[in-house]
Structures are given as structure tokens and as C-alpha cells.
Amino acid sequence: MTQMSALDGQLNDLLANTGVVVFYLLVWALVFAGTAVFLGVFIPFITGDSLLFGSGLVAASTPNLSIAVLALGTGVAAFLGDQVGFLLGRHFGRSYLDRHGGRRTRAAIVKTESFYRKFGWWSVVVARFMPWARVFVPVIAGVGRMNYYKFLSSNLVGALAWGVGLTLTGYYAAAIPGVKSAAYVIAGVFIAASIVFGLRTWFADRAQTRLDAAGAEVDGLPGDPAAS
């Protein structure tokens, strides 16, 4: 909550110092770069849910900042960012992913591959609300040669639900009388839900990995026909 409040203050300062047009462009650039150039791996807090919700809060308190322009532009930026990630994965393959980041990043990539295999079309939509998956799922979908039109449709749904939806949520949380005091709590709920879903998937993956490892050990026991 402290981070959310600090980001809100920083966004207000940015708007006061640079003006409306630069504010729009910076928010959209951060959303785009979060997935298009893996910026979300390094600074997920200011390229994800908090940025969208915070920009909506700022729009509610700034008459010359259009929430329609902000939300629509954010949705477009989110859509284009994932499209770039998908095309990078499709054209450069798994080797492109392996060249980016260290051991933790490669571990996240492996986890994302499992997530993509489980959820397919929906993984692109759901990943929007999960910091680590949001960055890698578009590229993994490209590496996995997901049908382009299926990715296009899932990307559009995800961009609308996350980019437009979360920005509008922040705006109305602050704009509706009597709700502004609870805006940070609402933001915390959204962010916490993303974290919980991510952790739940992570624990499920670990449990499946242990089961697979146990099965491999049983298959390899002496005398097992499968091992010979």
C-alpha cells in the first residue's frame, strides 16, 4: 500500500512537471515496454497493475486528463506490446529467451511454458494479471507456434480486460464520492489477487514436478520392465 501511495504521488508529480501529453505517452510506453522488451522482468511494479490503477486515480483528480484517451491508449499499448513479444518468439525461437536474463529468468521461462501448456488460449488473458507470466507468455506462445489468429483474439481480450479495465477501475475508485478513501485498498486487492494466483500456480507446478520426479524414479527401479 505504501508503494501504491508513493507511485500515485510520483505520477501526480510527473503530470505537474511534464503536462498531459507526456504523461499519456510515458504511461503507454511503460505498458508497451513491459512485455515488448522484457522491462517487466526488471521493474514489474511500474509497468503493471499498479501503474494502470495509479494512472486511473490521477485521471480522476485531473480535469484536463481524459480517462477515455488514457484507458484506450493503455489498452492499445498492452495489445501491441504482446504482439511484439509473440512475433519475437515466433521468429527467433527459444534461443532468444535463453539469451535474456540469468538463472532466475530461465526458471521463470520454464514455469511459463508449463503455464502456457495448461491453459492454452486463456493463458494469454490470465497472464495479464500475473507479473511473471505477463512478460513471458506472449513470447512462449510465439515459440510454441500458437495459431496467429487465436493469439490475436486472446491478446485483444486480455488487453481490454487488463489495460482498459484496470485503468477504469482506478478512475472510478477515486471518482465515485465516498470511494476515494478506499481506492488504495481496492488497488491492494487487485495486486494481492495477482500475487495469490501466481503463487498458487507456482505451488501447483512444484507439486507436479515432484510427482513427475517420483514417477521417473519408480520407472527406473531395477527390474522394472520400462527401465530395460
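Each Cα pair under 8 Å and six or more residues apart adds its sequence gap; the mean of these over the residue count of segment 63-151 is a relative contact order of 40 percent. Going from the residue with the fewest nearby Cβ atoms within 10 Å to the one with the most, Tyr172, Tyr116 rank Tyr172, Tyr116.
The modelled label-to-label distance between Trp121 and Leu87, using points 7 Å beyond Cα along the C-beta direction, is 2.4 nm. By the count of neighbouring beta-carbon atoms within 10 Å, fewest first, Tyr149, Tyr171 end up ordered Tyr149, Tyr171. Counting neighbouring Cβ atoms within 10 Å and putting the fewest first, the residues Val139, Val164, Val21, Val69 line up as Val21, Val69, Val164, Val139.
Between Ser95 and Asn147, the contour length at 0.36 nm per residue exceeds the Cα-Cα span by 16.7 nm.
Just so you know, all these numbers are worked out from the coordinates, no wet-lab data involved. What you are looking at is a predicted structure, and each value in this text was computed from that prediction instead of being measured. No Cβ is skipped: glycine too gets one built from the backbone with ideal geometry, and neighbour counts run over all protein chains shown.
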